[in-house]
Amino acid sequence: MHGRHSTRSTPQRPTALQWLRYALGAGLPAELAPWVLADTTGPGWVRRHLLRAVVQLSPVLVLCLVVVPVPLSYRLSAAAGGLLLGLFFSVAFMTETTEHRVAKAGYRPGTAARLRAERTERERLERRSPYRQGGAGSFD
């Protein structure tokens, strides 16, 4: 299992091919584990999750648009409906999917959820900070 990694340094990123395989569900080399953790817990993690879902749905959408022998309007409707349904299910299982990715990278189950909760709490406390409310000069 991996220990806690510093979130201050930028982790090594996967190559384009590695990212594509990762988006489709494959694991990444162990040295990219900190990147997986940052990808699934950092700001924008939901947007990145949805992007991976679109990548996963793309082959089926392309087949629907190119191969099915019906008028284009039907193909477009079917592709749009399939995309929306796929994204709906992706959102429904977003937490479980990201936890699985993090566990596959070698972290304990629950790590991603815990780190996201810690970040959310930290951000909430920072927003409530007196320094944010009235500025540093309000303590004079």
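Summed over region 38-71, residues that are closer than 21 Å to residue 111 by Cβ and not in a helix (DSSP H, G or I) total 3. Test residue 119 against the criterion of being among the charged types (D, E, K, R), under 30 Å from residue 12 (Cβ atoms), in a loop (DSSP other than H, G, I, E, B) and in contact (Cβ under 8 Å) with a residue 40 or more places away in the chain, and give yes or no. No: the conditions fail for residue 119. When the criteria are applied in full, residue 86 meets the requirement of being at pLDDT 95 or above and surrounded by 12 or more Cβ atoms within 10 Å (Cβ to Cβ).
Within region 1-28, take every residue that is exposed (fewer than 10 other Cβ atoms within 10 Å of the Cβ), part of a loop (DSSP other than H, G, I, E, B) and small (Gly, Ala, Ser) and give me the one that is modelled with the highest pLDDT. If we take residues in region 1-28 being exposed (fewer than 10 other Cβ atoms within 10 Å of the Cβ), part of a loop (DSSP other than H, G, I, E, B) and small (Gly, Ala, Ser), then 9 is modelled with the highest pLDDT.
Give the residues of region 35-83 that are surrounded by 17 or more Cβ atoms within 10 Å (Cβ to Cβ) and under 12 Å from the mean Cα position of the chain (by Cα), sorted by residue number. Walk me through it before giving the result.
We begin by selecting, within region 35-83, every residue surrounded by 17 or more Cβ atoms within 10 Å (Cβ to Cβ); these are 35-41, 45, 49, 52-53, 57, 61, 64, 75, 79, 83.
Across region 35-83, the qualifying residues are 35, 36, 37, 38, 39, 40, 41, 45, 49, 52, 53.
The values are calculated or read from the model by the stated rules, or taken from the named source; none is laboratory data. Because the structure is predicted, anything quoted here is derived from the model rather than measured. A quick note on method: Cβ atoms are made from the backbone with ideal geometry, for glycine too, and the neighbour counts reach across all protein chains shown.
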